[in-house]
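Student: Here's a structure for you.
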Amino acid sequence: MSFITLDCPHCFKRDIQVEIVGAKHLKKPSKKQTFSLVGFCTECEEGIALNAEPNSELNSDILTHPHLNQLLSVTKTFPTFPESKYLEQLSIPDIEILLEYKSSKGEVSSRRVRVKSMEYKTKNKSVIATKLHCYCLEKKMARDFNVSRIINAYDAETGEIISDIPKYLMQ
Ligand SMILES: [Zn+2]
């Protein structure tokens with residue numbers, strides 16, 4: 001079995017082992033050799049595709065090498081790890097909630113999200129949330145939600161309606 005260490009773009013865990021199950025040598029017009037790899041996060045089991053370039057001349061079959069970080073440098077992952085600004089703002093420990101959300105076009109949809117951080121302002125000693133930086137579990141990507149367009153929010157486990165989003169997230 002072959003593993004490469006990565007920051008998982010699904011569960012956001014750093015330096016996790018990704019089990020590589022497929023590798024393809026991409027023949028590119030550029031001089032650099034590139035490999036296209038597919039694997040699974042050993043923490044959350046989500047699939048990750050990545051591109052990597054060999055550190056030096058490669059002779060061995062990369063799928064039989066136990067620690068691919070010694071051979072390859074990852075140049076790209078799909079999906080991509082979210083921009084660091086989301087993680088630096090991380091003030092909320094991965095709370096999962098359900099949102100009924102109205103888009104700017106007026107379309108209403110339900111989303112299951114993991115809240116990463118919250119933007120807020122204070123007024124008369126009360127906290128008013130303005131934006132939620134989330135990881136959308138359906139679209140499998142980072143997404144921001146304007147709090148003013150949230151119709152309803154629910155606790156993902158109990159289904160209970162969340163009447164005060166900032167209070168709920170900061171408890
Ligand atoms: Zn993961």
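Student: Checking N69 against (1) closer than 29 Å to K116 by Cβ; (2) in a strand (DSSP E or B); (3) more than 16 Å from the ligand (Cβ to nearest atom), which test does it fail?
Tutor: Of (1) closer than 29 Å to K116 by Cβ; (2) in a strand (DSSP E or B); (3) more than 16 Å from the ligand (Cβ to nearest atom), only one is false for N69: (2).
Student: Now for a separate question. What tally of residues in the range 1-27 results from selecting those that are out of contact with any helix residue (DSSP H, G or I) (no Cβ under 6 Å at 6 or more places or on another chain) and either farther than 17 Å from L72 by Cα or within 16 Å of the ligand (Cβ to nearest atom) (or both)? Let's see the steps before the verdict.
Tutor: Narrowing the range 1-27 to residues out of contact with any helix residue (DSSP H, G or I) (no Cβ under 6 Å at 6 or more places or on another chain): 1, 3, 6-22, 24-27.
From what's left, either farther than 17 Å from L72 by Cα or within 16 Å of the ligand (Cβ to nearest atom) (or both): 3, 6-21.
Of the residues in the range 1-27, 17 are out of contact with any helix residue (DSSP H, G or I) (no Cβ under 6 Å at 6 or more places or on another chain) and either farther than 17 Å from L72 by Cα or within 16 Å of the ligand (Cβ to nearest atom) (or both).
Here's the yes/no breakdown for (1) touching a strand residue (DSSP E or B) at 6+ places or on another chain (Cβ under 8 Å); (2) surrounded by 13 or more Cβ atoms within 10 Å (Cβ to Cβ); (3) modelled with pLDDT of 90 or more:
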site: T80; (1), (2), (3): no, no, no
site: S84; (1), (2), (3): no, no, no
site: E88; (1), (2), (3): no, no, no
site: I97; (1), (2), (3): yes, yes, yes
site: T122; (1), (2), (3): yes, no, no
site: K125; (1), (2), (3): no, no, no
site: A142; (1), (2), (3): yes, yes, yes
site: E160; (1), (2), (3): yes, no, yes
site: K167; (1), (2), (3): yes, no, no
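Student: Let me ask something else. Please work out if E57 is charged (D, E, K, R) and surrounded by 14 or more Cβ atoms within 10 Å (Cβ to Cβ).
Tutor: no
Student: Something else: Any idea which residue in the range 30-58 is modelled with the lowest pLDDT, counting only those that are more than 16 Å from the ligand (Cβ to nearest atom), of a type in the set (A, V, I, L, M, F, W, C) and out of contact with any Pro (no Cβ under 8 Å at 6 or more places or on another chain)?
Tutor: Among residues in the range 30-58 that are more than 16 Å from the ligand (Cβ to nearest atom), of a type in the set (A, V, I, L, M, F, W, C) and out of contact with any Pro (no Cβ under 8 Å at 6 or more places or on another chain), the one modelled with the lowest pLDDT is L58.
Student: Determine the pairs where a residue that is in a strand (DSSP E or B), located within the range 34-56, has a partner that is within 16 Å of the ligand (Cβ to nearest atom) and of a type in the set (K, R) with Cβ atoms under 8 Å apart, the partner being 6 or more residues away or on another chain.
Tutor: If the second residue must be within 16 Å of the ligand (Cβ to nearest atom) and of a type in the set (K, R), the pairs left are C41/K13.
Student: Moving on. Can you pull out every residue in the range 107-120 that is modelled with pLDDT of 90 or more and not β-branched (V, I, T)?
Tutor: E107, S109, S110, R111, R112, R114
Student: Suppose we filter the range 11-29 for residues that are at pLDDT 80 or above and more than 21 Å from H67 (Cα to Cα); how many remain?
Tutor: The total comes to 0.
The values are calculated or read from the model by the stated rules, or taken from the named source; none is laboratory data. Given the structure is predicted, the values throughout are model-derived calculations rather than measurements. Heads up, the Cβs are rebuilt from the backbone with ideal geometry, glycines too, and the neighbour counts pull from every protein chain shown.
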